[in-house]
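The values are calculated or read from the model by the stated rules, or taken from the named source; none is laboratory data. All values derive from a computational prediction rather than experimental measurement. Glycine also receives a Cβ, built like all others from the backbone with ideal geometry; neighbour counts cover every protein chain displayed. Heavy atoms of the whole protein, side chains included, go into the accessibility calculation; ligands, DNA and RNA do not. Shrake-Rupley method; radii C 1.70, N 1.55, O 1.52, S 1.80 Å.
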Amino acid sequence: MSTQRTARFWAVTLAAGLGVGVTAWLGAWQMSRASQKLAIQAAIEQRKGMPAIGAAELAAAGGTAGSLVHRQVELRGTWVAPGTVYLDNRQMQAKPGFYVVTPLRLEGAGGAVLVERGWVQRNFTDRAKLPLVETPAGPVVVRGLVAPLPSKLYDFGSAGSGPIRQNLDLAQFRAETGLPLLGVSVQQTGPASEGLLRDWPEPTTGVERHYGYAFQWWALAVLIATLYAWFQFIAPRRKRH
């Protein structure tokens, strides 16, 4: 009987030790993930604070333009108005509408870039009716941030064609427009103008979620240790007395 109790004691001790060790490690891992994301956010803010780059520097980056994401830009060029696309089912200030994307032919740089110019509310009575957006002719100056290509929403079909689309496929759009588009886009910043709102959502790090998971794992580690102490030491002593 004593041997059985001893074997059971060590089996429970081993299981409890493993449980506490694993849950404590998982909590620490979640905290390290939070630290990594905070470092990424700090790097993003640092990039945003760097001097703005121009069309020549952006075009020269070519296939490595992704390394310039989050940098400020000041571009001179000409809108390719016929290439304007209205990306459907995008929200701003909790309202559904379109992200308006227009190619910008870069001045003196021999290239073009997609510019997310802003957001406009859709016409709810006529789905196919395009909202009024001004697209100036001639040279313009666009200020904004280098950004990844417009995010894609789930779509049952292909990227589609026409001015209203769910998503924009870069390779298809290059072939469609004949423009040497860079592999990044520019998110135009500044006050509302040309019928467009530019209250872009700030990227979130999600560190609060990692903090919450870490707390849960550490709370579970404490619970396992408490239950182990209770059933292995405290409860048997109370029985004996």
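Let's see how each residue does on (1) of a type in the set (A, V, I, L, M); (2) closer than 25 Å to VAL133 by Cβ; (3) out of contact with any strand residue (DSSP E or B) (no Cβ under 6 Å at 6 or more places or on another chain); (4) not in a strand (DSSP E or B):
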position: LEU38; (1), (2), (3), (4): yes, no, yes, yes
position: ARG47; (1), (2), (3), (4): no, no, yes, yes
position: MET50; (1), (2), (3), (4): yes, no, yes, yes
position: SER67; (1), (2), (3), (4): no, no, yes, yes
position: GLU74; (1), (2), (3), (4): no, yes, no, no
position: PRO82; (1), (2), (3), (4): no, yes, yes, yes
position: ARG90; (1), (2), (3), (4): no, yes, no, no
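A quick yes/no check of all residues on (1) β-branched (Val, Ile, Thr); (2) farther than 24 Å from ALA175 by Cα; (3) in contact with a Phe, Trp or Tyr (Cβ under 7 Å, 6 or more places away or on another chain):
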| residue | (1), (2), (3) |
| --- | --- |
| ALA55 | no, no, no |
| LEU87 | no, no, yes |
| GLN93 | no, yes, no |
| VAL100 | yes, no, yes |
| GLY108 | no, no, no |
| THR135 | yes, no, yes |
| VAL142 | yes, yes, no |
| VAL146 | yes, no, no |
| LYS152 | no, no, no |
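Taking the stated definitions as given, is SER161 of a type outside the set (Asp, Glu), in a loop (DSSP other than H, G, I, E, B), at negative phi and in contact (Cβ under 8 Å) with a residue 12 or more places away in the chain?
yes
Regarding region 171-193, can at least one residue be identified that is open to solvent by less than 50 Å² (accessible area, probe 1.4 Å) and charged (D, E, K, R)?
The answer is no; no qualifying residue exists.
Matching residues to (1) within 28 Å of LEU181 (Cβ to Cβ); (2) at pLDDT 90 or above; (3) touching a Cys at 6+ places or on another chain (Cβ under 9 Å); (4) open to solvent by less than 50 Å² (accessible area, probe 1.4 Å):
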| residue | (1), (2), (3), (4) |
| --- | --- |
| THR3 | no, no, no, no |
| LYS37 | no, yes, no, yes |
| ALA43 | yes, no, no, yes |
| GLY66 | yes, no, no, yes |
| VAL69 | yes, yes, no, yes |
| VAL73 | yes, yes, no, yes |
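Would you mind finding the one in PRO191, PRO203 that is within 22 Å of the chain's Cα centre (by Cα) and part of a loop (DSSP other than H, G, I, E, B)?
PRO203
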